[in-house]
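The block underneath contains the structure these notes are about, expressed in structure tokens.
The values are calculated or read from the model by the stated rules, or taken from the named source; none is laboratory data. Please read all numbers here as calculations on a predicted model, not as lab measurements. Note that we place each Cβ from the backbone using ideal geometry, even for glycine, and neighbour counts take in every protein chain shown.
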Amino acid sequence: MFDQIRFGREFFELLVEVDGRIVGQVARGGCRLCGGRLCRSDYARKPRGGVMAAAGEEFLTRFSLCCSREGCRKRTTPPSVRFLGRRVYIGVVVIVASIVARVGRTEASIRQATGVPPKTTRRWLDWWRGPFLLTEVFVALRARLIGVAVEELPASVVRPLGDTPEAQVRSLLEWLKPLTTGSGAGSRGSRDIA
């Protein structure tokens with residue numbers, strides 16, 4: 001089912017709106033070090049969307065903030081539903097390509113369906129079965145959802161999160177937000193995925 005889905009421009013426009021609300025909330029909170037005003041300091045990314053999310057490659061800006069107080073200037077990168085930390089592929093691709101690779105097809109068919117090299121999807125599957133299990137996000141998901149099978153991650157988490165594949169992926173992206181900044185609650189082990 002997921003190997004047939006294509007995420008279009010509208011899906012990513014919605015994710016940009018969500019990220020915009022998040023950056024606004026974080027900016028209103030001020031600098032976590034000195035309490036200074038946070039100003040926008042976005043930066044460019046070159047995200048890869050693979051076959052199923054090529055439209056996501058158009059959204060190049062990672063929202064970020066910087067303290068305006070001289071002497072501090074601490075950068076704050078708010079959580080995101082588009083980017084999973086410093087990974088090259090956008091979050092949607094990490095989730096969906098992992099699900100497709102989990103089915104156990106041949107490497108050629110995985111690459112054809114996702115546009116992601118099999119070596120990369122294997123690395124992502126190792127993350128889902130390893131460091132991801134140590135995160136506060138996984139602990140919360142497992143407590144909330146019945147029947148989360150570790151050996152079937154991320155599919156076992158996505159299934160109960162919505163009625164359509166798009167809704168399921170969007171909901172999981174919301175859950176994964178704490179893992180997207182490299183700091184803050186739930187990020188333990190988040191940097192171990194490439």
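How do the helices (runs of 4 or more DSSP H) wholly within segment 57-136 filter down when requiring 1 or more residues that are touching a residue at least 12 places away in the same chain (Cβ under 8 Å) and closer than 30 Å to Gly30 by Cα: which remain? Break it down stepwise before answering.
Numbers: elements: 91-102, 107-114, 118-129.
Where helices (runs of 4 or more DSSP H) fall fully within segment 57-136 and carry at least 1 residues being touching a residue at least 12 places away in the same chain (Cβ under 8 Å) and closer than 30 Å to Gly30 by Cα, they are 91-102.
Of the residues in segment 104-115, none is in contact with a strand residue (DSSP E or B) (Cβ under 8 Å, 6 or more places away or on another chain) and hydrophobic (A, V, I, L, M, F, W, C).
So that you can scan it fast, the table gives a plain yes or no per residue for (1) over 11 Å from Val92 (Cα atoms); (2) at pLDDT below 95; (3) touching a Phe, Trp or Tyr at 6+ places or on another chain (Cβ under 7 Å):
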| site | (1), (2), (3) |
| --- | --- |
| Arg6 | no, yes, no |
| Val23 | yes, no, yes |
| Ala27 | yes, no, no |
| Met52 | no, yes, yes |
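When Val81 is tested against (1) over 17 Å from Leu172 (Cα atoms); (2) of a type in the set (A, V, I, L, M); (3) modelled with pLDDT of 95 or more, only condition (1) is not met. Whether any residue in segment 2-11 is in a loop (DSSP other than H, G, I, E, B), in contact with a Lys or Arg (Cβ under 6 Å, 6 or more places away or on another chain) and among the small types (Gly, Ala, Ser) is what I want to check. The answer is no, given that none of the residues of segment 2-11 is in a loop (DSSP other than H, G, I, E, B), in contact with a Lys or Arg (Cβ under 6 Å, 6 or more places away or on another chain) and among the small types (Gly, Ala, Ser). Of the set (1) closer than 28 Å to Val16 by Cβ; (2) touching a residue at least 40 places away in the same chain (Cβ under 8 Å); (3) not hydroxyl-bearing (Ser, Thr, Tyr), all apply to Arg144 but (2). Checking the stated criteria, Ala27 turns out not to satisfy the condition of being of a type outside the set (Ser, Thr, Tyr) and touching a Gly at 6+ places or on another chain (Cβ under 6 Å). Within this structure, Ser156 passes the test of being under 17 Å from Ala97 (Cβ atoms), out of contact with any His (no Cβ under 8 Å at 6 or more places or on another chain), at pLDDT 90 or above and among the small types (Gly, Ala, Ser).
Please work out if Pro79 is within 22 Å of Glu166 (Cβ to Cβ), crowded, with 19+ Cβ neighbours inside 10 Å and in contact with a strand residue (DSSP E or B) (Cβ under 6 Å, 6 or more places away or on another chain). Criteria not met by Pro79.
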